[in-house]
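A.B. asks: Provided herewith is a single structure, encoded as structure tokens, for subsequent inquiry.
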Amino acid sequence: MTASSLPPLPISFSDIEDAARTIQGAVLNTPATRSETLSALTGADIALKFEIFQFTASFKERGALNRLTALTPEERARGIVAMSAGNHAQGVAYHANRLGIPATIFMPEGTPFTKVRNTERLGATVVLSGETLAESTDAARELEAKEGQVFIHPFDDPLVMAGQGTLAIEFLQAFPDLDVLVVPIGGGGLISGIAVAAKHIKPDIKILGVQTEAYPAMKAALEGREIHPTKVTIAEGIAVKKPGQITREVVRQLVDDILIVKESMIEDAIDALMEIEKVVVEGAGAAGLAAVLQFPDLFRGKKVGLPLCGGNIDPRTLSFCVMRGMVRDGRISRLKVTTLDLPGALARVTAIVGKVGGNIAEVYHQRQFATAPVKYTEIELVVETKDRMHGERLVKALEDAGLEVTDTSGAMAMRG
């Protein structure tokens, strides 16, 4: 298909410029900075745009506000209804409340409590309905048909897409020499707006999308397939089973490729952003960095822009990511030490750990549930060390003392 025969795009750069004027002053032009440490770690020249600093901690405010301001007075009086996994919900709730527009938001039943609670605090009525976003959409559409509220789609709406595209204008104003933008894809609203704006400003820039192994919906749609997810993902903000019909045409024409990332890489990216940049980012927001970590050869030596598009992560999930990251880095390990069951055995083991400089976080002294012979005892230790090499020195010290040591966490065998 030639360029001249391609369908016209649903939005233009002038639409995005109009959106930028519409939302100016009500949505932040968020900071964009170069990360020295991530650049050194990845071999790419990494620039970050911190959409997590929006009032609702997500880029979704851009599209939501652009769409809401287009409502007529009569539509505002009727109120609006939306469906969302969380960030669109908060963006709509915040700006609808600020503009005096009643809002009802349908969310999947498994939506993290943080996003549900925050949406309610922002003034919207939240209805948890269905296990998937598609089921929530059906429920929202039923209310729209029954009571006449205006449906605000999270991605498949030209005004929403244009609003999201304002991010690219700001990013390229701050870093006009970017070679590539790496953008998470759920329904496709963000990457569609970004692609239209970025390709207009800098036609040779590469636009790469990122999806999870569990929900590669946009990539599948472009290949003529449907997905039937059976797993959940930490990046629930991009866990969309059916991408937009409007957005997929923009992606088809302007996005250079879509990368599929592993869950473990998203966890690593969340952990790296917290430890290195000192910021909290949700799974979808960390997907761009996950792609750079998983496919380093694609980005090495290039100037790479990563929008950190959302920061609404459940605190429990965040803590698990951090602790699992420490295990993968070899900074936390679980060791099973088998020794003769004699007085002072536990003190002997802990003394060796202390001498090597390890920190014992937990200790379990197994007798009745042990698999060792009856004259022996098993001591399980959860130990914190500086790094993998430090952990290996600790294991060697225990073995040199004649103790049998098994790394039951696998931390010493994991990659660095």
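A.B. asks: Under 7 Å by Cβ, and 6 or more places apart or on different chains, what pairs join a residue from region 46-67 that is farther than 23 Å from ILE270 by Cα with one that is open to solvent by 10 Å² or more (accessible area, probe 1.4 Å)?
C.D. replies: Cβ pairs passing all conditions: ARG62/VAL27; LEU65/ALA26; LEU65/VAL27; ASN66/THR22; ASN66/LEU159; ARG67/ASP157; ARG67/LEU159.
A.B. asks: Read through the list (1) farther than 17 Å from ILE185 by Cα; (2) open to solvent by 50 Å² or more (accessible area, probe 1.4 Å); (3) more than 12 Å from the chain's Cα centre (by Cα), then give the number of the only condition that VAL280 fails.
C.D. replies: Condition not satisfied by VAL280: (3).
A.B. asks: Specify which of the listed residues (ILE266, ILE270) is farther than 22 Å from PHE155 by Cβ, at pLDDT 95 or above and in a helix (DSSP H, G or I).
C.D. replies: Exactly one residue qualifies, and that residue is ILE270.
A.B. asks: Have a look at ALA239, ALA290, ALA235, ALA272 and point out the one that is open to solvent by less than 50 Å² (accessible area, probe 1.4 Å) and in contact with a Lys or Arg (Cβ under 9 Å, 6 or more places away or on another chain).
C.D. replies: From the options ALA239, ALA290, ALA235, ALA272, the qualifying one is ALA290.
A.B. asks: Further question on the same structure: Please state which of the following conditions GLY148 fails to meet, knowing it meets all the rest: (1) at negative phi; (2) touching a residue at least 40 places away in the same chain (Cβ under 8 Å).
C.D. replies: Tallying (1) at negative phi; (2) touching a residue at least 40 places away in the same chain (Cβ under 8 Å), GLY148 fails exactly one: (1).
A.B. asks: Tell me, which helices (runs of 4 or more DSSP H) wholly within region 42-139 include 2 or more residues that are open to solvent by less than 30 Å² (accessible area, probe 1.4 Å) and aliphatic (A, V, I, L, M)?
C.D. replies: Qualifying helices (runs of 4 or more DSSP H): 60-68, 87-98.
A.B. asks: Between a residue in region 252-265 that is farther than 13 Å from VAL210 by Cβ and any residue that is surrounded by fewer than 17 Cβ atoms within 10 Å (Cβ to Cβ), which pairs come within a Cβ distance under 6 Å, given they are 6 or more apart or on different chains?
C.D. replies: From region 252-265, the pairs are ARG252/LEU222; GLN253/LEU6.
A.B. asks: Still on this model: Can you say whether LEU143 is part of a helix (DSSP H, G or I), surrounded by fewer than 21 Cβ atoms within 10 Å (Cβ to Cβ) and not β-branched (Val, Ile, Thr), as far as the supplied structure shows?
C.D. replies: Considered against the rule, which asks whether it is part of a helix (DSSP H, G or I), surrounded by fewer than 21 Cβ atoms within 10 Å (Cβ to Cβ) and not β-branched (Val, Ile, Thr), LEU143 comes out as yes.
A.B. asks: Let me ask something else about it. Could you run through region 146-169 and say how many residues are more than 24 Å from THR111 (Cα to Cα) and either open to solvent by less than 30 Å² (accessible area, probe 1.4 Å) or not acidic (Asp, Glu) (or both)?
C.D. replies: Selection size over region 146-169: 11.
The values are calculated or read from the model by the stated rules, or taken from the named source; none is laboratory data. Treat the numbers as computed from the prediction; the structure is a model and nothing was measured. We place every Cβ from the backbone using ideal geometry, glycine too, and count neighbours over all the protein chains shown. Areas reflect the complete protein model, heavy atoms only, side chains present, ligands, DNA and RNA absent. Shrake-Rupley method; radii C 1.70, N 1.55, O 1.52, S 1.80 Å.
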